[in-house]
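Heads up: the structure comes next, in structure tokens.
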Amino acid sequence: MLRRAVRTIHADKRWWHAIGLAGLFSLTLFGHPLAAGLVVEHMDNTRKGYASPLPPFYDWTTRWLMGLFAVLVDFVYYVMPLMVMGLLFFCGGLTLLMARSEEGQFATLGVIGGALIAWWLFVFLSGISAVGRLVYVDDGGPDRALTGFPLREVVRPYAWRYYAKARIQSLPLYIAPLLCLGLVPLVLRLDSLVGIAGTLVLLWVMCSALAYAHIGTMLIYGEVNQELQDSAHARPLLGR
């Protein structure tokens, strides 16, 4: 599945153009939905039988809106827990501050931070975000994708095996972004101007590699999703 996904991307001779633009847009908070919109639009085109070439950038407004809902799925499962944990730490920190217990503060920070990291690892390894985008495209809207349905879907009996297979197949796609992220501290140690320029280029490459990984991941999940829908354990469709 991984090889087929990579071949599908590279079947477009100008794949680097779409991926590079997506990475460039991802460098800004406002432009990130455009990169996510590329993934969603490509998913939709793949369903229609047009997996290649990658969608060109022409209707920017529509793509931005499509990507915004996809980003909201990530927000629900990645950012909202961070906000909740921050609130809990703030409330607990005030209590410990009044008690003047520095050891208790560090212990609370460790517990909350550990719980947050464990949750993020669970969300990533279970593929909740990818399943949420599948639901988004299948339903033609974000109604169920922004609820707890993707979480229930990834742990649904029998279905979780399909999603686990897709996640295992897609993991190598994230090696390049992780390598770029690991190189950032080393580049920052260089001379001021060279370090800043090198870091910006490295961040662009990292975001581009991440966009590449997302497209490849959704191709893999799309294939597994088709297998699941053709089985006796198909995901219930909206309104049924």
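Tabulated data for the structure shown
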read-out	value
Solvent-accessible area per residue, Å², over the chain with all protein chains present [probe radius 1.4 Å]	56
Length gained when the stretch D191-F75 is fully extended (0.36 nm per residue, less Cα-Cα span)	38.2 nm
Carbon plus sulfur fraction of accessible area for the range 131-240, probe 1.4 Å, in percent	69
Phi-based couplings in Hz for the range 221-226 (Karplus 6.51, -1.76, 1.60; Gly and Pro marked x)	5, x, 5, 5, 4, 5
Separation in nanometres of the label points that stand 7 Å from Cα toward Cβ, at W60 and L82	2.6
By accessible area with a 1.4 Å probe, ligands and nucleic acids excluded, highest first: order of K48, K13, K165	K13, K48, K165
Computed E for A118/D143 - FRET, C-beta separation, R0 45 angstrom, nearest 0.05	0.95
Theoretical FRET efficiency, 1/(1+(r/R0)^6), r = Cβ-Cβ of V184 and A232, R0 51 Å, to 0.05	0.60
Descending semi-axes in whole angstrom, ellipsoid equivalent of the range 107-178, from the Cα gyration tensor	24, 17, 13
Inter-site label distance for D44 and A11 at 7 Å from Cα along Cβ, in nm	2.0
Residue-averaged [θ]222 nm for the chain, counting only DSSP H segments that reach four residues, each worth -39500 (n - 2.57)	-25000 deg cm²/dmol
Highest to lowest packing among 195-201, 132-138, 18-24, scored as the average C-beta count within 10 Å	132-138, 18-24, 195-201
Per residue convex hull volume, Cα atoms of the chain, in Å³	162
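The values are calculated or read from the model by the stated rules, or taken from the named source; none is laboratory data. Source: prediction; values computed, not measured. FYI the Cβ positions are ideal-geometry reconstructions off the backbone, even for glycines, and counts take in every protein chain you see. Calculation scope for accessible area: heavy atoms of the full protein, side chains included, ligands and nucleic acids excluded. Shrake-Rupley method; radii C 1.70, N 1.55, O 1.52, S 1.80 Å.
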